[in-house]
Amino acid sequence: MKKVILVADDSPTIRKFVSFALTMKGYEIITASDGMEALEKIPNEKLDLIITDLNMPNIDGFELIKTIRENELYKEIPIIILSSLGSSEEIEKGMAYGANSYLVKPFDPKRILYEVAKYLN
Amino acid sequence: MKRVENMTQLFDKLNDLKSVFSYGQKIIPIIQSLIDFMKETVPLLETINKSIAESTSKIPRAQDQINNITNATEMATTEILDIVDIISDDIQKVENTVKAIDEKEKNRAGIRIKLRTYLQGNTEALALLDEYEKGDFISETINDLLESFQKIKNDAYNITLSLQVQDVTAQQLAAVNHLIDSVQGKLASLINDLTDGESQKDIEKVITPAIGTFDPNANYETSGQRQIETDSIIQESKSKQSQDDIDKLFA
């Protein structure tokens with residue numbers, strides 16, 4: 001059975017890049033264009049992992065992570081941040097909110113595959 | 001005596017008045033040139049005002065252009081990625097077929113080895129088999145092909161990395177649009193002050209992305225240095241956390 005990954009990013013190209021890299025390795029990808037859409041989709045899918053951007057309209061990545069970590073049903077889902085923000089404050093904040101990994105854009109597809117495999121294989 | 005004093009005072013006052021008039025005579029040309037300057041400046045100010053209003057009304061068009069660039073590059077990038085996706089799929093299919101051929105060839109090679117043992121002593125048949133195997137270059141060719149497929153797949157992978165420049169430029173353009181937006185706001189309020197709000201109603205407004213939805217400092221850096229720095233920040237933070245836990249335990 002394919003592992004299901006939710007990719008939340010407001011950039012259609014980034015959603016495409018991540019989907020491209022991960023579907024090639026046999027993962028099933030669901031996408032969301034912001035935190036709100038991600039939260040709407042989470043209950044409908046049996047997710048194995050979430051990859052999220054931080055800068056997003058409506059609900060940003062920090063808020064999305066916080067909401068997931070506060071929910072008993074989904075709090076164990078591994079979360080990878082994929083953002084162009086790379087200051088120590090933002091990285092520490094993201095990890096403190098409950099992310100498992102932090103990747104900066106532009107990302108190396110091999111690194112994202114490595115991080116995903118770390119939690120799913 | 002009193003009368004003489006009064007006369008002296010009167011003369012003093014008249015002298016003061018004379019000084020005022022003589023000063024006035026000096027200042028009149030300056031006032032005149034000031035009035036002339038004001039007369040010349042007023043139309044100039046009106047022109048500036050009109051020019052600001054025109055520039056302000058053009059700003060939404062500039063913002064539209066920037067949005068169009070972002071949309072066009074986004075569309076082109078998505079199309080390129082779709083094509084890369086198709087190429088990768090096709091390469092995978094061809095690679096699978098070649099691997100299947102390779103497998104069959106290996107089976108055939110096994111059969112040929114068996115055949116050679118069965119044909120021991122039959123020189124004519126063995127010569128024919130040697131002749132047949134001379135043209136056997138499939139195994140080498142297959143290896144070359146598999147190497148080429150791997151190279152194409154790696155190249156396709158690298159294209160995805162390079163195309164991320166679109167996301168970075170989109171964020172930078174969003175930041176530029178935001179700056180333009182704030183300039184437009186300032187100009188619009190200036191026009192509002194100058195024209196009592198008459199011109200401002202004509203200024204079109206373009207929707208720009210809200211702050212926090214883009215990173216104005218996004219840059220296209222593919223050396224991996226930023227990820228190394230990120231990893232080390234996380235590592236430092238984790239070790240600090242562990243130390244804090246140890247300290248708490250022994251407190």
Are there any pairs with C-beta distances below 9 angstrom linking a residue in segment B:36-49 that is under 16 Å from B:I191 (Cβ atoms) to a residue that is surrounded by 10 or more Cβ atoms within 10 Å (Cβ to Cβ) and not small (G, A, S), with the two at least 6 apart or on different chains, and if so which? B:L45/B:L194; B:N49/B:L190; B:N49/B:I191; B:N49/B:L194; B:N49/B:T195
Among residues of segment B:128-161 being open to solvent by 60 Å² or more (accessible area, probe 1.4 Å) and within 14 Å of chain A (Cβ to nearest Cβ), the residue farthest from B:T222 (Cα to Cα) is B:Q150
So if I check each of A:Y114, A:Y102, A:Y97, which one is out of contact with any Leu (no Cβ under 8 Å at 6 or more places or on another chain) and surrounded by 22 or more Cβ atoms within 10 Å (Cβ to Cβ)? A:Y102
Contact list please: Cβ distance under 6 Å, first residue in segment B:228-249 and within 20 Å of A:A99 (Cα to Cα), second residue open to solvent by 60 Å² or more (accessible area, probe 1.4 Å) and of a type in the set (G, A, S), pairs at least six apart or on different chains. none
Restricting the search to segment A:20-49, which residues are under 22 Å from A:K110 (Cα atoms) and facing chain B (nearest Cβ under 9 Å)? A:F20, A:A21, A:T23, A:M24
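Does segment A:40-53 contain any residue that is open to solvent by 40 Å² or more (accessible area, probe 1.4 Å), under 24 Å from B:D85 (Cβ atoms) and in contact (Cβ under 8 Å) with a residue 12 or more places away in the chain? Spell out the reasoning first.
Step one: of segment A:40-53, the residues open to solvent by 40 Å² or more (accessible area, probe 1.4 Å) are A:40-41, A:43-46.
Pick out the ones that are also under 24 Å from B:D85 (Cβ atoms) and you get A:41, A:45.
From the residues that got through so far, the ones that are in contact (Cβ under 8 Å) with a residue 12 or more places away in the chain too are A:41, A:45.
Within segment A:40-53, one or more residues are open to solvent by 40 Å² or more (accessible area, probe 1.4 Å), under 24 Å from B:D85 (Cβ atoms) and in contact (Cβ under 8 Å) with a residue 12 or more places away in the chain.
So for segment B:86-102 (the condition being more than 30 Å from A:V18 (Cβ to Cβ) and at pLDDT 90 or above), does at least one residue qualify?
Keep residues of segment B:86-102 that are more than 30 Å from A:V18 (Cβ to Cβ), which gives B:100-102.
Then keep just the ones that are at pLDDT 90 or above; that gives B:100.
The answer is yes, given that some residue of segment B:86-102 is more than 30 Å from A:V18 (Cβ to Cβ) and at pLDDT 90 or above.
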Within segment A:77-87, residues more than 17 Å from B:E221 (Cβ to Cβ) and within 10 Å of another protein chain (Cβ to nearest Cβ) come out as A:I81
Can B:L45 be described as modelled with pLDDT of 85 or more and out of contact with any Pro (no Cβ under 8 Å at 6 or more places or on another chain)? no
Under 27 Å from B:Q172 (Cα atoms) and open to solvent by 30 Å² or more (accessible area, probe 1.4 Å): which single residue out of B:T97, B:T73 fits that description? B:T73
Pick out the one residue from A:E72, A:E63, A:E89 that is open to solvent by 40 Å² or more (accessible area, probe 1.4 Å) and either basic (K, R) or modelled with pLDDT of 95 or more (or both). A:E63
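The values are calculated or read from the model by the stated rules, or taken from the named source; none is laboratory data. Keep in mind that what you see is a predicted model, and the values were worked out from it rather than measured. Please note: Cβ atoms are built from the backbone with ideal geometry, for glycine as well, and neighbour counts cover all protein chains shown. Quick note on the areas: whole protein, heavy atoms, side chains included, nothing else; ligands and nucleic acids left out. Shrake-Rupley method; radii C 1.70, N 1.55, O 1.52, S 1.80 Å.
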